[in-house]
Structures are given as C-alpha cells and as structure tokens.
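If you scroll down you'll find the structure; I have some questions about it.
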Amino acid sequence: WLNTPTRLMEASGTSGMKAAVNGVPNCSILDGWWDEAFDGKNGWAVGSGLVYENQINQDIVDADNLYATLETEVVPEFYDRSSDGVPHAWIRRMKESMKTAFRQYGTHRMVQDYISNMYLPAIQLATQHTKDKYALPQEIGEWRKRIPGRFSTVTIKEVQVEGIHGDVFKLGNQLTVKAMVDKGQLQAKEILAELVATTSNEEVLIDCIPMSLKETEGNTLEFRAKYTPNISGPIRYGVRVIPVHSGLANKYETRLIRWS
C-alpha cells in the first residue's frame, strides 16, 4: 500500500490500516498512523521522517527515498522466491502487517480507549459534581476565579540535572532532575510539576514525566524525577508547573503554565 503524503499533512491514514488488516504491507512516508505503527518488520518507511521548510526540497528528497526503497527493498523481496515459487519473506511481512493492525489499530481497541479514557472518567466526574447540591462545582468556580492571581506568585527557582556531562548523555543511562519551586500563595497539593522532553526542534513530544514532591522547606518545594530517554539524538528538556484541582476534568483546564 503506497502512501506518499507530505509529512505533517497526513490526517490519520485509515486506508493504510484497512490495507494492513487485509495482509497488504504499507510502504509509506512516516506520518499519520504509519509513523506510530512502522516497526521495520511490517512494511517499509519512505525516508527517515525529516521535514524541510522548502517544499521543492521536500519533494526531491521524498522522491529519491521512495525510489531507493522500491528498488533496494520492496521489489527484491517480492521477487525473492524459493523453489516452490513462494515469496516467504514477503509473506512474513504480510503477517506482521496484519498483527500490527489487528492488535493496535482495530475498532475494539478504539472503543475500549473511549470507554476507559473518556466515558468512565466523565461519569465519575459527573457523580462527584452532583453530590451535596453541586458543592464541588461551586468550589471549583471560586477556585478558578482566584487561581490566576495566586498562580502568578509561583516561580521555578532552580533546576538541577544529574547524570549528564555538558550536553552529552549516553543512551540507557538515567537522569535525575530536581526542581526548586517557590509555591507563592498556592498549597503544595495545588501544584503539578512535570519534566518534559521534546525533539530538538520542539516538533514532537517525547515524554512528559510527573515529578514527585520530595522535600518542603518554608515556601520552597523540591520536586524530583528520574528519567531514562529511550531514543537517541538531540533532545530538549524543560520543567513546568501547572495549577491543579482534584475536581477538574484535566490538568489543562486553567490554561495556566509556567516553564523553567
């Protein structure tokens, strides 16, 4: 199944999923679902996922990568047949393609995600909100009125990283990140601290790790997280704090955030 969108323009790729469940290997640009699904055994990737600002350069590189993949990988494997005339490597790839699609990209998994991540939490939150004549929504309403002013007093005083030498870190090692936060007018339970890692151009979120509150001294809170990156290459990282309340549907509801 050949799919060659300009990277970052592919909405999803459900046609490729349908092809995969029917035993048709994908040969596609690393975008949409294929960027998540490709594992080296279930199809072929066209290029390495690089994005160029100039569309002409993008098209030239993508075309070169496409022809190279077809000529050196796809076509040889299709015509590589044993004495019985069967392309065994191709068939293995067909089977891997079907496994990937059925396991991760089927409707059963999608519905289960909706139930687990959306419907049940919404029911639980609605149950909390209707208790005691809607006492919790009233509390949240008052909290949200005051939180912008109160959160403005919060500052990230210092961030320390252990386990890295300069800007070089060996894949597989573990980082320890500490953040000293002045909680200002907030209570400790109202502050969520997170370690965020992205690609070097901040295009892709790699990890978002909640940091644990380890020590409290006066108005200063020490948050800490251990992190082991699972990819190589340039990575940017930062620490952020967000005001939270147990009655909110998600941590982003206040639209307030402070970065180190």
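Taking 8 Å as the Cα distance limit and 6 or more residues as the minimum spacing, I'd like the relative contact order of region 1-62 as a percentage. Walk me through the intermediate numbers first.
Details: 78 pairs, mean separation 19.7, N = 62.
Over region 1-62, the number comes to 32 percent.
Could you work out the helix-only [θ] at 222 nm for the chain, with each DSSP H run of four or more residues adding -39,500 (n - 2.57) and the total divided by the number of residues, to the nearest 500 deg cm²/dmol?
-10000 deg cm²/dmol
With only Lys, Arg, Asp and Glu charged, each at its Cβ (+1 for the first two, -1 for the last two), find how big the charge dipole of the chain is about the Cα centre; round to the nearest 20 debye. Spell out each step's value before the answer.
Numbers: 29 positive and 32 negative charges, 256 e Å.
I would put it at about 1220 debye.
Still on this model: At 1.567 mPa s and 4 °C, plugging the Kirkwood radius over alpha-carbon pairs of the chain into Stokes-Einstein gives what diffusion coefficient in µm²/s?
Estimated diffusion coefficient is 58 µm²/s.
Find the accessible area per residue for the chain; the probe is 1.4 Å, ligands and nucleic acids are left out, and the unit is Å². Display every interim value, and only then the final one.
Details: 16230 Å² over 260 residues.
The answer is 62 Å² per residue.
If I take every Cα pair under 8 Å that is 6 or more residues apart in the chain, average their sequence separation and divide by the length, what percent do I get for the relative contact order?
RCO, the chain: 13 percent.
If I stretch the segment between Glu203 and Arg255 completely, what's the gain in nm (0.36 nm per residue apart, minus their alpha carbon distance), one decimal? If you can, show how the numbers build up before the last one.
Numbers: separation 52, 0.36 × 52 = 18.72 nm, distance 2.04 nm.
Between Glu203 and Arg255, full extension yields 16.7 nm more.
Round to a whole number: what % of the accessible area of region 140-235 belongs to carbon and sulfur, probe 1.4 Å?
Details: 2650 of 5540 Å².
Answer for region 140-235: carbon and sulfur cover 48 percent of the accessible area.
Continuing with this model, one more query. Could you check the simple spin-label distance between Ser12 and Asp182, using points 7 Å along Cα→Cβ, in nm with one decimal?
With each label point 7 Å from Cα toward Cβ, the separation is 4.8 nm.
Work out the FRET efficiency for Ser82 and His108 from their Cβ-Cβ distance, taking R0 = 25 Å, and round it to the nearest 0.05. Before the final figure, lay out the partial values.
Numbers: r = 36 Å, r/R0 = 1.44.
E(calc), rounded to 0.05, equals 0.10.
Sort 8-20, 29-41 by the packing proxy (mean of other Cβ within 10 Å over each peptide's residues), most packed first.
Working: 8-20: 16.6, 29-41: 18.3.
The packing order, highest mean first, is 29-41, 8-20.
From Cα pairs below 8 angstrom and at least 6 apart in sequence, can you work out the relative contact order of region 110-260, rounded to a whole percent? Let's see the in-between values first.
Working: 243 pairs, mean separation 35.5, N = 151.
Relative CO of region 110-260 lands at 23 percent.
Could you work out how far apart the two model spin labels at Ala63 and Glu215 are, taking each label as a point 7 Å from the Cα in the direction of the beta carbon, and quote it in nm?
Rounded to a tenth, the inter-label distance reads 6.2 nm.
How far is helix 120-130 tilted, in degrees, relative to the longest principal axis of the Cα atoms in the chain, given as a value from 0 to 90 rounded to the nearest 10?
The angle comes out at about 20 degrees.
Project the alpha carbons of region 135-260 onto their principal axes and report the range along each, largest first, in whole Å.
50, 32, 19
Looking at the chain, what % of its DSSP beta bridges pair antiparallel, to the nearest 5?
Numbers: 37 of 43 bridges.
Around 85 percent antiparallel, to the nearest 5.
Expected output is a single nm value to one decimal: the length gained when fully extending between Leu171 and Glu142, i.e. 0.36 nm times separation in residues minus the C-alpha distance. What is it?
Numbers: separation 29, 0.36 × 29 = 10.44 nm, distance 4.65 nm.
Computed gain between Leu171 and Glu142 is 5.8 nm.
The values are calculated or read from the model by the stated rules, or taken from the named source; none is laboratory data. Here the structure is a predicted model, which means the values were calculated and not measured. Every residue, glycine among them, receives a Cβ derived from its backbone with ideal geometry; neighbour counts consider all protein chains shown. Areas reflect the complete protein model, heavy atoms only, side chains present, ligands, DNA and RNA absent. Shrake-Rupley method; radii C 1.70, N 1.55, O 1.52, S 1.80 Å.
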